[in-house]
1. Mind listing the phi-derived Karplus ³J(HN,Hα) values for the stretch 207-215, rounded to whole Hz, using 6.51, -1.76 and 1.60 with θ = phi - 60°, and x for any glycine or proline?
2. What FRET efficiency comes out for the pair H126/N62, r = Cβ-Cβ distance, R0 = 41 Å, nearest 0.05?
3. Tell me the label only: which of (1) 30.4, 94; (2) 24.3, 80; (3) 30.7, 125 is Rg and Dmax of the Cα atoms in Å as calculated from this structure?
4. Give me the extension gain from V207 to K152: residue separation times 0.36 nm, minus the current Cα-Cα distance, reported in nm with one decimal.
5. Taking R0 as 51 Å, what's the FRET efficiency between E370 and T99 from their Cβ-Cβ distance, rounded to 0.05?
6. Using a cut-off of 17 Å between alpha-carbon atoms, which lysines can reach K349, once sequence neighbours fewer than 8 places away in the same chain are excluded?
7. Please report the relative contact order for the stretch 311-383, taking Cα pairs under 8 Å with a sequence separation of at least 6, and give it as a percent rounded to a whole number.
8. With angles folded into 0 to 90 degrees, how steeply does helix 156-165 sit against the dominant principal axis of the chain? Use alpha carbons for both and round to 10.
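Please treat every number below as a calculation from the coordinates, not as lab data. Note that the structure is predicted; figures quoted are calculated from it, not measured. Cβ: placed from backbone, ideal geometry, glycine included. Neighbour counts: every protein chain shown.
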Amino acid sequence: MAWNRPWEPVEAVAVEPRVAVPSVPVEDVVAGALESNDAGSFFVISETHPLPNGLSAGWPGNADRRALTTLSGDPDLEDFELERALFIDTETTGLAGGTGTYAFLVGCGWVEDGALRVEQYFMRDHADEPAMMAHLAGLISRFDWTVSFNGKSFDLPLLRTRFVMNRRRTSLDALGALDLLHVARRLWRYQLPRRDLGTLEREILGVERELDVPSHEIPEIYFRYLRTGDARELVPVVAHNRTDMVSMAALLARACDAFGGWRSPAAQPAEVLGAARSFALAGDVETALAAYARALELGLDEALQPLAQAPLSLTHKRRGAWPPAVDLWEGMRRRRGRSAIWALVELAKYHEHRAGAFHTARDCTLEALEQAERLLDALPQPLARPALEHRLARLERRLQALKARSATG
């Protein structure tokens, strides 16, 4: 590498001037207005949307309240009132939470004049946060409930942190919380492999978003806006947040309708199975049994059938109703895998302890052992080979004892 000597001139290098990105403020690309209070100002976007089918100002009725308490596992929702509920969804600078994560866009929705009013509060830069949080504190004080999607784990703790960081008192902790993710996980766990809001929109609500922005890209979009002052990329982010709010309201109505309609001929079998499990978790055994049976009647997928057959059979077993229990176990044994092994063990118990048919009990145990040897998945202790071999050995001893008594008799 050649170095210039001190007395030799250095060749000038031409450097192109940096081209500044033109600043495009949010008010130029999103319809909204500035709102000010004692803490400063922030940007507000307001829209009104029709209430989704099934919702009304007087909603919910008794059946809907039962759906909410059963699907959420929260008995306090028996007092839920839609007109006292605040829908909340946030867009943030990170997905992990923590004190360094900001909610730069907070969507809020509530029922007003028979419609869903949606207001979105946008933080143009960090200086807007005190004013935005002051406004939110006042808004939250008007309601008794929050409705969110994964809000219990993310949105609400994040907002609590931001209130603390801004030294702002709030009644957020005093509000009841309805998290629709918990509802979706119970009702649609057997129908959908994923229960994120986008999947629920497509598969349950029949809504397909156009030109939507993926959630994981939103933080970087906001950071680019802070660097450049160009708000044009924020337009789909605002739309994304607004659609989340409207979808939550629609999902709330749809979940209650589906749960309450499990007896309908048009009900989805996997949905009814989710309702049945929810009834069982809530301790409503009789309704759970009826719903499990209904799911099977409606044509539940073969892979899901054991999830209804097993709890039905165990209830019959507890009540001493052996013929229907045995019928269900016989249906399950025709399948391969863990559910068939479980059914074979139950049949072995029945034939050994109730019917006194030791040969049949041994045959069921041998069949279970054969399936267990082929199964690569780990089995729980009662179904594993050592337990099955122990059962087989006991049955062989009983059969030998019977044989010996027959020979001497």
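1. Running phi through 6.51 cos²θ - 1.76 cosθ + 1.60 with θ = phi - 60° gives 10, 10, 6, 9, 6, 7, 9, x, 4 Hz.
2. 0.30
3. Recomputing Rg and Dmax of the Cα atoms in Å here gives the entry labelled (3).
4. Separation in residues times 0.36 nm, less the Cα-Cα distance, equals 17.3 nm.
5. Details: r = 58 Å, r/R0 = 1.14.
So the FRET efficiency works out to roughly 0.30.
6. In chain and number order, the partners are K317.
7. It comes to 24 percent, rounded to a whole number.
8. With rounding to tens, the tilt is 40 degrees.
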